[in-house]
1. Looking only at residues that are hydrophobic (A, V, I, L, M, F, W, C) and not in a helix (DSSP H, G or I) in the range 39-71, which one is modelled with the lowest pLDDT?
2. For residues in the range 1-32 being of a type outside the set (Lys, Arg), surrounded by 10 or more Cβ atoms within 10 Å (Cβ to Cβ) and out of contact with any Leu (no Cβ under 9 Å at 6 or more places or on another chain), which is nearest to CYS57 (Cα to Cα)?
3. Identify all residues within the range 21-38 that are under 15 Å from GLY50 (Cβ atoms) and in a strand (DSSP E or B); write none if there are none.
Amino acid sequence: MTAKYQVWFRDPRKVIRNILANPDLVNDIDYIPYRDFEDGKRRYCDFMSGDWAWKQCVSDIHGKRLRLLTILRTGSHRYRR
């Protein structure tokens with residue numbers, strides 16, 4: 001119980017900001033959940049193709065998540081209901 005460990009920490013906001021600002025990834029990031037099917041079977045590819053992301057989006061489509069999706073789609077934070 002006396003072992004020493006080195007702990008590395010990065011600010012998650014800075015990490016996400018750097019990922020989103022990376023021009024190499026501009027066409028490879030899915031901002032909106034989706035469902036992909038091949039030969040009638042559901043295909044899971046990454047986080048945004050999963051059930052959790054889909055359920056989070058469609059469960060509260062008239063609330064804050066709609067505003068978030070609008071911001072992500074349009075790039076504008078000036079969405080009003």
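The values are calculated or read from the model by the stated rules, or taken from the named source; none is laboratory data. Everything quoted here is computed from the prediction, not taken from an experiment. Backbone-built Cβ (ideal geometry, glycine too); neighbour counts: all protein chains shown.
1. Selected residue: ILE61.
2. Applying the filter and picking the extreme gives ASP30.
3. Result: ASP36, PHE37.
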